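What follows is a short report on a single structure.
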2 protein chains.
Amino acid sequence: MHRVKVRVVEDALDANNTIARANRQDFDRAGVTVVNLMSAPGAGKTALLERVLADTGDVRIGVLEGDVEGSLDAERLASLHVPVVQLNTGAGFGGECHLDANMVRSALGSLPLADIDMLIIENVGNLVCPAEFRVGEDVRAMVCSVAEGEDKPLKYPLMFRACELAIVNKIDLLPHTDVDLDTLLGNLHAVHPGIEQLLTSARTGEGVDALRDWLLVRASRSEAHAVA
Amino acid sequence: MHRVKVRVVEDALDANNTIARANRQDFDRAGVTVVNLMSAPGAGKTALLERVLADTGDVRIGVLEGDVEGSLDAERLASLHVPVVQLNTGAGFGGECHLDANMVRSALGSLPLADIDMLIIENVGNLVCPAEFRVGEDVRAMVCSVAEGEDKPLKYPLMFRACELAIVNKIDLLPHTDVDLDTLLGNLHAVHPGIEQLLTSARTGEGVDALRDWLLVRASRSEAHAVA
């Protein structure tokens with residue numbers, strides 16, 4: 001029984017990867033860089049995006065907003081006049097705890113790919129399963145709130161290993177917690193040596209410019225690629 | 001295809017419920033009250049348990065510690081000289097993002113049921129899937145950190161609806177965030193009218209006595225049941 005179960009899981013991931021590659025081809029063809037943005041619930045993905053998207057110069061960024069239910073975050077971002085498409089895993093996808101390639105594919109028709117340079121996919125808040133499913137993204141980034149404690153890289157290593165960038169957010173709370181930033185960063189680099197890191201506070205705005213720059217550099221790389 | 005997928009999911013949940021009932025019978029026979037404790041990653045489950053378990057009088061409490069990987073939390077609690085059994089979903093269970101009844105059943109032989117009055121099952125940190133799987137518990141409780149924001153009941157309603165108790169933790173951080181406690185509690189009661197709530201800070205100890213009392217009352221009820 002156990003062997004059968006394992007094989008089924010592998011088959012499902014293979015199907016996901018096949019669809020992810022198809023998504024990636026469509027994104028590449030449109031010259032759109034795609035970021036898969038992940039975190040635990042309440043780490044501050046949307047609050048950071050509100051700050052970043054307030055001014056992206058002539059780089060056009062769209063958002064695919066993944067949630068189990070509701071459209072609270074999509075409404076927050078749409079008020080910034082960026083194109084936002086809501087994808088609910090609770091409607092037709094069984095309330096899944098992550099986005100997969102097929103869900104993203106189902107939203108492709110609603111995304112204005114010809115009018116954007118970068119798509120940020122805000123995944124469902126979860127430190128486990130989203131890391132297991134490629135969705136056709138170029139790069140994976142995750143937000144880790146200091147309020148979650150120092151030990152999260154050790155407890156959820158797959159997520160921290162899967163991402164090219166770790167955004168350590170809510171650093172304004174550090175003086176009000178027992179969390180030691182050096183210990184947190186030490187755990188991060190023990191799990192994923194060489195991972196890029198940014199320290200941010202969506203509340204005070206600290207580090208937001210650096211995060212915006214990190215994103216815009218990647219958006220322009222893709223643009224160059226599409227032209228060539 | 002979609003209909004088949006739905007049926008398979010229902011079958012899996014039925015199997016889970018069957019095993020959960022078997023677990024429950026074993027717990028009842030031993031006179032052990034079981035609490036399924038859930039939260040997002042880093043909400044403070046273990047820190048609260050450290051406070052609560054430091055003094056439970058003559059009520060004997062054991063812990064089943066669920067994590068994807070590692071035994072950091074189990075080691076923290078074992079230092080309090082309470083019986084702790086580690087259950088890793090990454091070892092043999094495919095890295096699942098939640099505990100299910102079969103995983104808990106696999107740990108039954110390691111649990112000193114005859115020597116405890118209450119078992120607290122600390123689930124994997126995740127606000128989605130743990131709420132979907134009964135494991136044989138008497139009661140479900142969840143921890144929600146104020147640092148996660150006001151909107152989490154609206155975004156993860158199944159978890160908040162599944163639980164009899166919501167523990168709103170890290171209230172010492174309230175003055176340092178933009179979170180409005182009344183809005184958070186309003187969202188909580190909009191999603192689950194009548195849910196019990198406790199306000200706690202594992203850091204300052206505020207509300208920990210009330211949480212301990214809440215647990216001990218339930219442990220003694222079960223004892224009376226086992227004697228009768």
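The values are calculated or read from the model by the stated rules, or taken from the named source; none is laboratory data. Quantities reported herein were computed from a predicted structural model and do not represent experimental measurements. Cβ coordinates were reconstructed from backbone atoms using ideal geometry, including for glycine residues, and neighbour counts include every protein chain displayed.
Before moving on, here are some points about what is shown:
- From B:Asp172, B:Asp182, B:Asp178, residue being in a helix (DSSP H, G or I), surrounded by fewer than 17 Cβ atoms within 10 Å (Cβ to Cβ), at pLDDT 95 or above and charged (D, E, K, R): B:Asp182
- Selection from segment A:193-205 of residues that are within 14 Å of chain B (Cβ to nearest Cβ) and surrounded by 14 or more Cβ atoms within 10 Å (Cβ to Cβ): A:Ser201, A:Ala202, A:Arg203
- Filter result for B:Val52 (closer than 18 Å to B:Met142 by Cα, over 12 Å from the mean Cα position of the chain (by Cα) and either crowded, with 17+ Cβ neighbours inside 10 Å or within 13 Å of another protein chain (Cβ to nearest Cβ) (or both)): yes
- Selected residue (criterion: nearest to B:Phe93 (Cα to Cα)) from residues of segment A:125-147 that are over 10 Å from the mean Cα position of the chain (by Cα) and surrounded by fewer than 21 Cβ atoms within 10 Å (Cβ to Cβ): A:Glu132
- Summed over segment A:171-188, the residues that are farther than 14 Å from A:Thr200 by Cβ, out of contact with any Phe, Trp or Tyr (no Cβ under 9 Å at 6 or more places or on another chain) and in contact (Cβ under 8 Å) with a residue 24 or more places away in the chain give a count of 4.
- Considering only residues in segment B:75-124 that are among the acidic types (Asp, Glu) and surrounded by 16 or more Cβ atoms within 10 Å (Cβ to Cβ), the one that is nearest to B:Leu37 (Cα to Cα) turns out to be B:Glu122.
- Restricted to segment A:34-49, and to residues there that are touching a Ser or Thr at 6+ places or on another chain (Cβ under 8 Å) and in a helix (DSSP H, G or I), the residue that is surrounded by the fewest Cβ atoms within 10 Å (Cβ to Cβ) is A:Leu48.
- Which listed residue is out of contact with any strand residue (DSSP E or B) (no Cβ under 8 Å at 6 or more places or on another chain), touching a residue at least 60 places away in the same chain (Cβ under 8 Å) and within 20 Å of B:Leu49 (Cα to Cα), from B:Arg203, B:Arg105: B:Arg203
- Residue match in segment B:115-134 (condition: of a type in the set (Val, Ile, Thr) and free of Cβ contacts under 8 Å to residues at least 40 places away in the same chain): yes
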